[in-house]
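A short reminder: the numbers here are calculations on the coordinates, not readings from a lab. Just so we're clear, the structure is a prediction, and the values are computed from it rather than from any experiment. Cβ sites come from the backbone with ideal geometry, for glycine too, and all protein chains shown count toward neighbours.
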Amino acid sequence: MSIMEYNGSAVVAMTGKNCVAIASDMRYGIRMQTLAADMRKIFKMHDQLFVGISGLATDMQTVEQKLRFRTKLYELREERNIKPSVFANMVSSMLYERRFGPYFIEPVICGLEDKKDQKNVPFICTTDLIGAQCFTNDFLVAGTTTDQLYGVCEAMYKPDMEPEDLFETISQCLLAAVDRDCLSGWGAIVHVITPDQVITRELKSRQD
Amino acid sequence: YQRRVHGKQWYQRRVHGKQWYQRRVHGKQWYQRRVHGKQWYQRRVHGESTLRVLPLSSFSSFFTNMSGASYSLTTFSPSGKLVQIEYALNAVSAGKTSLGIKAVDGVVIATEKKPPSILIEPDTIEKISTLTHNIGTTYAGIGPDFRVLVRRGRKEASKYNLVYKDPIPVSQMVRELATVAQEFTQSGGVRPFGVSLLVAGYDEDGPQLYQVDPSGSYWAWKASAIGKNAKNAQTFLEKRYNNKMQLEDAINTAILTLKEGFEGALNEENVEIGIIGADRKFRLLTPAEIKDYIKETD
């Protein structure tokens, strides 16, 4: 039994037209027993930066606290919000510091950032447990449900979707995928990040 | 018996038939003795005697090794001043004049570069250094201290980039340098840096000019001068500066200001000028460029 499958999780992030969405399941379980259906696995760092963490629950909590600490200090020192790409690199450095005794997590970073000539460019990035980054333009997945999520996302994803469309797509992808994985599910939450607002919706799903 | 050795009081005592001089250092008993022409200091540690050979001159630097604690050499005077920092500022005021001017679209820093002899190769003297692609710095005061700070600054900038993959903002760079300067006013066995820095950079917040003092304080300036002729240069700049200055005007003003307090003729061999413009790349002006600017100001 792999340590990454001790708790179970599903996290997916997708990009749209000037928007990003990140979604996760809400199961808190230990091995085969489900203990709660209201566990948050996606954390807001600031209005345009969210990070979803899959993997071992204790490390998920610790890493979230450490990242929040580092982000807060950055904001105090630099008097500005940390950019998602800079945050992703910070996550990568932080995980590599523990190269030989790692945190058993796979984070998914998503947000909007201003590039040189464009504003509110979607940014998504995931790393493995020791900080190897992966950047794409379309979607990224993490957790115990990755195989299933890759399948549905590849089939249903279209580039440049509007926020509402993006929400529909990512929700259907997540719900379909977690039904094929016993270690995730028990509810779902979706955050859609646009330049003006963040819309958070909890999905009604099969409670099994 | 008692005796003063190097200003410190020693007491004489015979131990095991040999002549020893003893002294209390930080609550621990030390014994001093010449053995085979070398000066020895003996001390009882955990009931056993340990002998340490130390040159007599470094006896005062004892403070850094045995007890683990380090005592700062910069301590408060009764009036509340840190005298070492005042003296460091004196060293800065004795250094050659340097100045910086912030324009609307860039920053210029300039410094006098008078080599002590005509036999010195002038282009090997580096008084203006690059810290990152978009941050440069110059100084007034003790040159070697400047080199140490530049080295630290470059390292801190690289460390920042390693963690964040983002170039360090100018204000953060200045903060790091100032922190280093402050550490040297409070750490054991070291002296403050004998330099004030002028840091020029261009980042997301636009062009910026900062001054960092030996105490570790820093300020952002529109225009500033440090070193020997600082007062006059500062007054000159106050009159000449305006908020709408372009980089070209700033370079000319910088040259004029340096000319004011310059001993002898100002030419492209005895000044160093560094600029950073909207392209956000810090660079030094070549002697040919400096020559042209000097001609313009005539």
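Figures for the structure shown
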| item | result |
| --- | --- |
| Three-way shape call for the stretch A:142-208 based on the alpha-carbon gyration tensor, with the a/c threshold at 1.5 | oblate |
| Most to least packed among A:25-37, A:8-20, B:207-219, A:154-166 [average Cβ atoms within 10 Å] | A:8-20, B:207-219, A:25-37, A:154-166 |
| B:Tyr87/B:Asp279 FRET efficiency (R0 41 Å; Cβ-Cβ; nearest 0.05) | 0.50 |
| Sorted by Cβ neighbour density within 10 Å, fewest at the top, the residues B:Glu156, B:Glu121 | B:Glu121, B:Glu156 |
| Distance between modelled label sites at B:Lys291 and A:Glu97, nm, 7 Å Cα→Cβ extension | 5.3 nm |
| Computed over the stretch A:1-141, Kirkwood Rh from alpha-carbon pairs, angstrom | 15.4 Å |
| Unit charges at the beta carbon, dipole of chain A: most positive-side option, A:Ile124, A:Ile199, A:Ser92 | A:Ser92 |
| Three semi-axes of the equivalent ellipsoid, the stretch A:50-132, Cα gyration tensor, whole Å, largest first | 23, 14, 11 |
| Alpha-carbon Debye profile of the stretch B:112-189, log10 I(q)/I(0) at 0.21 Å⁻¹ | -0.98 |
| B:Asn232 versus B:Arg151: modelled label distance in nm, points set 7 Å from Cα along the beta carbon direction | 3.6 nm |
| Translational diffusion coefficient (Stokes-Einstein; Kirkwood radius from C-alpha pairs) of the protein assembly as shown at 20 °C, 1.002 mPa s, in µm²/s | 77 µm²/s |
| Tail weight of P(r) past 20 Å, computed on alpha-carbon pairs of the stretch B:231-296, percent | 31 percent |
| Among the listed pairs A:Lys17/B:Lys165; A:Lys72/B:Lys155; A:Lys116/B:Lys165; A:Lys17/A:Lys158; A:Lys17/A:Lys115; B:Lys114/B:Lys291, those beyond 19 Å (Cα-Cα) | A:Lys17/B:Lys165; A:Lys72/B:Lys155 |
| Test item: Cα-centred dipole of the stretch A:1-54, Lys/Arg +1 and Asp/Glu -1 on Cβ, debye | 40 debye |
| For the stretch A:104-208, size of Cβ-based charge dipole, Lys and Arg +1, Asp and Glu -1, in debye | 120 debye |
| Two-site FRET efficiency, A:Gln61 against A:Asp165, from Cβ-Cβ distance with R₀ of 45 Å, rounded to 0.05 | 0.85 |
| In range of the label at A:Met156: residues from the stretch A:112-140 whose backbone nitrogen is under 17 Å from the point 7 Å along Cα→Cβ | A:138-140 |
| nm² value of the averaged projected area, convex hull over the Cα atoms of the stretch B:145-258 | 8.3 nm² |
| Kirkwood Rh in Å, taken over the stretch A:86-182 so that all alpha-carbon pairs contribute | 14.9 Å |
| Charge dipole magnitude, Cβ of K and R +1, D and E -1 - chain A, Cα centre, debye nearest 20 | 620 debye |
| Distance between modelled label sites at B:Thr75 and A:Asp147, nm, 7 Å Cα→Cβ extension | 7.2 nm |
| Cα-derived Rg over Rh, computed across the stretch B:161-218 with Rh taken as Kirkwood radius | 1.05 |
